[in-house]
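The structure appears below as structure tokens.
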Protein chains: 2
Amino acid sequence: MSKQIITVSREFGSGGRTVGKRVAELLDVPYYDKELVKQVAVETGFDEKFVEQQGEDASPWKNLFSYAFAGMGRHQPMQGLSADDFLWVIQCKVILDLAEKGPCVIVGRCADYILRDREDCLKVFVHANVPFRAERIVRLYGESEQEPEKRLETKDKRRRAYYKHYTGRDWGSYTNYDLALNTSVVGIERAAQFIVDVAKNPFAGTPTDHP
Amino acid sequence: MSKQIITVSREFGSGGRTVGKRVAELLDVPYYDKELVKQVAVETGFDEKFVEQQGEDASPWKNLFSYAFAGMGRHQPMQGLSADDFLWVIQCKVILDLAEKGPCVIVGRCADYILRDREDCLKVFVHANVPFRAERIVRLYGESEQEPEKRLETKDKRRRAYYKHYTGRDWGSYTNYDLALNTSVVGIERAAQFIVDVAKNPFAGTPTDHP
């Protein structure tokens, strides 16, 4: 059975998003990232910006400000759930629905965990060396007051904390992924090509095919 | 610069050793596993069996029995070092020397950590799903009193503990490896081919080659 759904988790600046887009292009299947954010925003009534920033990121200020940013006047979350937990529940639902719709690539948002029981899901983690990532974020997102190395550290720390909080797992641990690729060694294009190759033809033999 | 040295760390039964052998064959370079054990045995005076069993494996009985098994009557470890620590020191030396000699593939024994500062080292982690590994260990190493799933768990737990103790790092964490591949999804032959491709032509462009 080919892997119809590909989830891409990634370190900030590693090019995981570009890898995901390229994989979707090569396989000619939808790519969900912003689209997913939009759907979650519609279903929750939260602002898109809030969903984008808070949907995979455990910021220390989150609990304090989340209601203010979320525009909670418009919608009411499920009773007894915080804005964050409500967002998580809806995000899970949207991701499960998207996977049901058909082949696709989903970047980020703990999709590897949410779709962990699907046999047709290829789970990928993309990471890279610090200089590679630092150069990329400055080029793509511009300079900021913080040093790029510090920005990488902060962002990844928040993603790790979010992942741990909602999945109970360690972000980036090999047990969660079928492939973990360092794009600063593999290259973004080759990473995408390899993912496509494995997704199209996952190992179909029995273990006895190998010594 | 091509990656001359390839280290393969692996879950028990994942086929990491077969991957390593195949990579060495495809690249036509030496493959070190038993050979490494022999050299460490010569340099320490320990029995080969002892080096093989204890050189990457933190057994709970190790400290208790290590001297008895090691045949310590023949050689004296460095003053103030336990048999295990002495073995570690020599193992590091042997691995650093082998890497200096020229291109090669080294399986296990924390070589990824020992060679972490070499720019020409490609660090690979090989893992696989439990049914795939369980079938392999029974076929390759025979049945035992313990269930295969339990044997996998025990062996990996010991490797993890050994790695943590001597490197301070988490075994299998993506940060330690350039590639982590699930052979039950990728297949052993494709894993080897991909490693060879990356080793021969690691990403040589600048990050700006990619969006």
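Of the residues that make up region B:176-191, is at least one part of a helix (DSSP H, G or I), within 11 Å of chain A (Cβ to nearest Cβ), open to solvent by 10 Å² or more (accessible area, probe 1.4 Å) and of a type in the set (Gly, Ala, Ser)? Yes.
In region A:155-182, the residues that are more than 17 Å from A:GLN54 (Cβ to Cβ) reach residues that are part of a helix (DSSP H, G or I) and not basic (Lys, Arg) with C-beta atoms within less than 6 angstrom, at least six apart or across chains, in these pairs: A:ARG169/A:ASN176; A:GLY172/B:TYR174; A:ASN176/A:ASP112; A:ASP178/B:VAL185; A:ALA180/B:TYR174; A:LEU181/A:ALA191. Considering each residue of region B:60-73 in turn, none proves to be open to solvent by less than 30 Å² (accessible area, probe 1.4 Å), modelled with pLDDT of 90 or more and not aromatic (Phe, Trp, Tyr).
Could you run through region B:124-142 and say how many residues are among the small types (Gly, Ala, Ser) and touching a helix residue (DSSP H, G or I) at 6+ places or on another chain (Cβ under 7 Å)?
Within region B:124-142, the subset among the small types (Gly, Ala, Ser) is B:128, B:134, B:142.
With the extra rule that they be touching a helix residue (DSSP H, G or I) at 6+ places or on another chain (Cβ under 7 Å), the set shrinks to B:128, B:134.
Within region B:124-142, residues that are among the small types (Gly, Ala, Ser) and touching a helix residue (DSSP H, G or I) at 6+ places or on another chain (Cβ under 7 Å) number 2.
Scanning region A:161-172 for residues that are farther than 10 Å from A:ASP57 by Cβ, open to solvent by 40 Å² or more (accessible area, probe 1.4 Å) and in a helix (DSSP H, G or I) returns A:LYS164, A:HIS165. A:GLU119 meets all of the listed conditions (1) surrounded by fewer than 21 Cβ atoms within 10 Å (Cβ to Cβ); (2) away from every other protein chain (no Cβ under 13 Å) but one, namely (2). Is it the case that A:ILE195 is within 13 Å of chain B (Cβ to nearest Cβ), under 16 Å from the mean Cα position of the chain (by Cα) and hydrophobic (A, V, I, L, M, F, W, C)? Yes: the conditions hold for A:ILE195.
Scanning region B:1-44 for residues that are within 12 Å of another protein chain (Cβ to nearest Cβ), under 14 Å from the mean Cα position of the chain (by Cα) and open to solvent by 30 Å² or more (accessible area, probe 1.4 Å) returns B:ARG17, B:THR18, B:LYS21.
Give me a count of the residues in region A:127-158 that are open to solvent by less than 30 Å² (accessible area, probe 1.4 Å) and away from every other protein chain (no Cβ under 13 Å). Result for region A:127-158: 1. Among the residues of region A:7-55, those that are closer than 23 Å to B:THR175 by Cβ and among the basic types (Lys, Arg) comprise A:ARG10, A:ARG17.
When region B:81-116 is limited to residues that are of a type outside the set (Gly, Ala, Ser) and closer than 23 Å to B:GLU189 by Cβ, the one that is surrounded by the fewest Cβ atoms within 10 Å (Cβ to Cβ) turns out to be B:PRO103. Inclusion of B:VAL124 among residues that are buried (at least 16 other Cβ atoms within 10 Å of the Cβ), among the aliphatic types (A, V, I, L, M) and in contact with a strand residue (DSSP E or B) (Cβ under 6 Å, 6 or more places away or on another chain) is warranted.
The values are calculated or read from the model by the stated rules, or taken from the named source; none is laboratory data. Everything numeric here is computed off the predicted structure, so don't read it as measured data. Cβ sites come from the backbone with ideal geometry, for glycine too, and all protein chains shown count toward neighbours. SASA here: full protein model, heavy atoms, side chains in, ligands and nucleic acids out. Shrake-Rupley method; radii C 1.70, N 1.55, O 1.52, S 1.80 Å.
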